[in-house]
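Report on one structure; see the data block that follows.
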Amino acid sequence: MQQEGHESEATSVKHGDADELVVPSFSELDPPTSLLPSSRGLELQWKEGRQLVPDPTAGPDVPRCRLQYSLEMQQVHSPFAENSDLPDLPEDRWQCRYTGPDVSAEVDGLRPRQQYAFRVRLIPQSHPELQPPPAQQPSQAVLCTTTACEPSPPLPPVSGKRERYAMTCKWKPPDETGGYPITGYQLVFCQWQAALPQDQQREALLRESVPAGGFQNSAYDGLECRHRIPRLISGHSYAAAVRASNGKFWIYTGPATQHEVPNLKSGRKYQVRITAFNMEGRSDPSAPAEVTTAPDVPAAPYNLRYKSGTGNSVIISWSLPSENGGAAVTGYETKLEVISGSAAAAGLPLECTIDYQNTLRQCTVSRLQPGTGYRAWIRSKNSAGFSQYSQPITVTTSKTLPARPRNPHAFSQGGSLQFSWDAPEHDGGSAITSYHLELQAASADEAVREAAPRQQHDVGLQCSANISSVVPATDYMFQVAAVNSVGRSPLSEPCIATTAAAPPAQPEPPRLREALPKGLHLQWDPPATFGAPVTGYDAASDIDHFEQASAVSNGDEPLHRTQAAGAPALSNGQKKGRRGRHPGGQAHERDETSAGGVHVHRIQAHEVDRRISGLEAYTDYEVRLRAKSEAGPSDWSTPVSMRTAPGVPDCPVHVRVGGTHSNALDVSWLKPNARGSTISKYGVEYQYVDRSKTEGKWRHCASVETTSAQVTGLKPARTYKIRVCASNGHGSGAWSEAVKWMTKAAAPDAPDPPTLRSRSATSVIVHWKAPEEDGGEPDLSYQLRGSAEGQSQATTYYNGSATQFKVTNLRPGTHYTFEVQARTKVGASEWSDSAAITMRLLPPQPPSEVCVAADEQTATDPSGTRVSVWWTAAEASSMHAEWQGQDPAGEAAGPGRNRQHPGSMRVVTHSISKHHRGRQASEPKARGPPIRRTLQGKVLRFLRQLWRGYSSYILGLIVIAIILAFVLNAELISTLMSDSAHKPR
């Protein structure tokens, strides 16, 4: 494929009158050779290529091509590889490092001690008008290795963990290791020289004078007095200079890439450099890096002085700390501690600190308490933190007036005002001797407020006072001031208090607007108020008579009453269900909130008429009314007697069961309160409760006018609930409390007629079902009896709890009737309806006097095959079926045919084979046709073989079948008994 490509790119040359394709050829290039290897480059040389000239007689002339060369390279092995074999070189990794007509080239930018593969490719170039010659194959690749050298200079170190007296420096290996692994590092750490510019520090540490050409490399930093410089070029002149430094050096040599330099000073700058080593020597030092240790806290200030002060502030000065810890002092902090006994007793803070973010050496501490002694400390601060506190000094503020009292509070108590306040925050440095209280009527108009008289009271050292000289329902403003030896403090914040208003006046008795069956519709006039509007009313209704009652308006406190002899007290919290007396003279239960026999109804303030509900119909009540306001409740009004309208009667009471029957209950009750209307009837309902205590629906059973009734239609031994309600012209009252009772047990019902099945000549299976009603006794037993046709007395065949029985030893062909009776401990049921059946007949009786003789033809013909048989027919019987035979009348008897003759003789002729001729006439013959006998024999043989091989398995299956039949029969009996026991009566 490559040759075809070259041919396609052949040079087009004219020869004669035709154009022919001529392909120039070239000599194969030899691999390049390395002349002078170095650590960073290689010089390679190769032999010149030449163009091959073909025979002129063989074809047209080939034009001469200019030759150029392309030097290609790729790195072969990783650093430190010692393998010299040429590996597989991928084509996509070749890089062109030189292109030109020269036969040698220098390759720069290589890495030390690395293997590189080189090859040369010939690039012929023809005349521009001609087709370019084909590309040539490169030469064989050759391996070349650069030499090793010292590492490149590492990057400057960086500071890691920075402490006050130590520094951890970290650095990274150099980018170029020189072809050998790094064997170690040298760290030079010295104090920073602030006198020289930064760009001259590195040079000043190495030399004092610089030659004309300048120093190119730093050869050594350390404490030794000699040093060997490797890898110098022969024939060259070098200048060396040594500089001694009196700065402190810390030198570390080792393979680690970090080192902690101890014994440094806090907050100082240091210069650090790093040098790397390998087998070829050491690298140039890195560029110097500046690091700084962490600063320390400064020393404590000293020489504290008190300059001046007032009642609320003091001025303190001090001297600069002797040591700043390596960082400038940025501020100070003052700490004060209270030492005054009066201020400490007043609950003032015993200690406080004030931070000053400035460098001034004095401060003014304000917001202090007057007349208070303090102990003061100062400490300085820099970027590292706070110093220790200085020695303390004692300062004292001057005495002043006390602060004004705090949190004034006032409230109305009865006909006076109760005032209270808190002591001032400080007493001004002098003990408080008394408090001064000022009281004045409050008004929104400032002129009116200033003109109002001001009451002034000195109330002593107590922080409370009670002023009774006030007007009810009036706003007052009061202020209080504290007094000490210096004078009186400013007045406190004003506090507004309102004296209590008087309760409303006693209302007029309420008027009856309408009498209701369960309440009263009341109406009244609003009473007069005294400084507080009416917030609500209380209407009290009581069956009993009482004279006077009073209660708290909001109901939070107990109601109190002055009552007549025997009357209950009026109070909140009375339980529900107060019993009352009615005109009818009967007591009853009420579900009303009551207070000691008095039913209190809460009414809103805007209402002047109200329907009071929850009362009892046709009952006399004494009704009173009172008004309520924020000042309290008024007195109760004069009681007035009112009667509610007639209504539905009460529920009957004392409902009880007098007589118990199996299907009925006798119920009686007491006549309830009719509530002003005659009772017209009573309704009775019952509810069935089954054995699982599930209650059914209530069913109406009776409506009577008397106080007794009989509940019928019940079932024996069942539990029922019975309730009664009374009705009058206003409707039906509430149902009474249900009474639970159980009916008596009874004999079960008669079962259904039995069913007969599996009839034979002498037996039949009789099956029956349990009766629908067991009379309340689930343990049922049964009696089975039967009689044959014409039999006057029945025969008992079975007594037990099963529901089926097989009756045997019956007479074939006889007509029988069967009856079943159910029994419990209570008694026996009626006999069920009879079931009749006629038994089957027995098979016909066999004939007698059977005789066999040779036929007439057999006597004359020895080869005959016929015999004659005759017998006597059996007598007719009512227990056996008649014999059903064939009567081929007029048909000649032939072989295999039966013929019936008149009388009691039957002749049978049958052809027999010759080997049966010798049989005696008395030999018994097999019954049935030949095909049937053959089938019966096969079946018998199969059963015998099955029994011989699997008798044990057959017996096991029979036993399992018997057990399953017994279990299923027992479960069936139990299910039937359970169904009959749980069936609704």
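The values are calculated or read from the model by the stated rules, or taken from the named source; none is laboratory data. Keep in mind that what you see is a predicted model, and the values were worked out from it rather than measured. Neighbour counts run over all protein chains shown; Cβ positions are idealised from the backbone, glycine included. These area figures cover heavy atoms from the full protein model, side chains too; ligands, DNA and RNA do not enter into them. Shrake-Rupley method; radii C 1.70, N 1.55, O 1.52, S 1.80 Å.
Here are a few things to note about the model shown:
- On a per residue basis, segment 482-538 carries 49 Å² of accessible surface, using protein heavy atoms and a 1.4 Å probe.
- Selection of GluC sites (Glu not before Pro), segment 752-795, meeting DSSP coil and at most 14 other Cβ within 10 Å: Glu789
- Summarising the amide proton neighbourhood of Val598: residues at separation of 5 or more, or on other chains, whose placed amide H is nearer than 5 Å comprise Ser571.
- Per-residue HN-Hα couplings for segment 706-717 [Karplus 6.51, -1.76, 1.60; θ = phi - 60°; Hz; x = Gly/Pro]: 8, 9, 8, 7, 10, 8, 10, x, 8, 10, x, 6
- Heavy-atom accessible area order for Leu943, Leu842, largest first, 1.4 Å probe: Leu943, Leu842
- Here segment 385-538 is assigned +1 on the Cβ of each Lys and Arg and -1 on the Cβ of each Asp and Glu. Its dipole about the Cα centre then comes out at about 220 debye.
- Pairs exceeding 32 Å between alpha-carbon atoms, taken from Lys518/Lys671; Lys681/Lys721; Lys693/Lys806; Lys715/Lys806: Lys693/Lys806; Lys715/Lys806.
- Taking amide hydrogens as placed 1.01 Å from N in the peptide plane, the amide H of Val76 sits under 5 Å from those of Gln115, Tyr116, Ala117, each at least 5 positions away in sequence or on another chain.
- Backbone geometry of segment 35-49 corresponds, through the Karplus equation with coefficients 6.51, -1.76 and 1.60 at θ = phi - 60°, to 3J(HN,Hα) couplings of 9, 9, x, 9, 6, 10, x, 9, 10, 10, 9, 8, 7, 6, x Hz, x marking Gly and Pro.
- Dividing the Cα radius of gyration of segment 392-513 by 2.2 N^0.38 Å, with N the residue count, gives 1.47.
- Taking amide H as placed 1.01 Å from N in the peptide plane, Ile123 has its amide H under 5 Å from the amide H of Gln68, Tyr69, Ser70, each at least 5 places away in sequence or on another chain.
- Remark: the Val459-Ala802 segment gains 112.7 nm on full extension, using 0.36 nm per residue and subtracting the alpha carbon distance.
- From the C-alpha gyration tensor of segment 249-344, square roots of 5λ in Å: 54, 13, 9
- With a 1.4 Å probe rolled over the protein heavy atoms of all chains, the accessible area of Phe419, Phe386 falls in the order Phe386, Phe419, largest first.
- Accessible surface of Cys96, taken over heavy atoms with a 1.4 Å probe and every protein chain present, rounds to 80 Å².
- One chain, two ends: Gln793 and Ser313. Fully extended at 0.36 nm per residue, the span grows by 159.1 nm beyond their Cα-Cα distance.
- Karplus 3J(HN,Hα) series, Hz, for segment 267-284 with 6.51 cos²θ - 1.76 cosθ + 1.60 (x for Gly, Pro): x, 9, 8, 9, 10, 9, 9, 9, 10, 9, 10, 9, 5, 8, x, 10, 7, 5
- Among Gln793, Phe805, His815 - extreme Cα towards positive end, dipole of segment 791-854, charges at beta-carbon: Phe805
- Order by protection proxy (mean Cβ within 10 Å, highest first), peptides 101-112, 172-183: 172-183, 101-112
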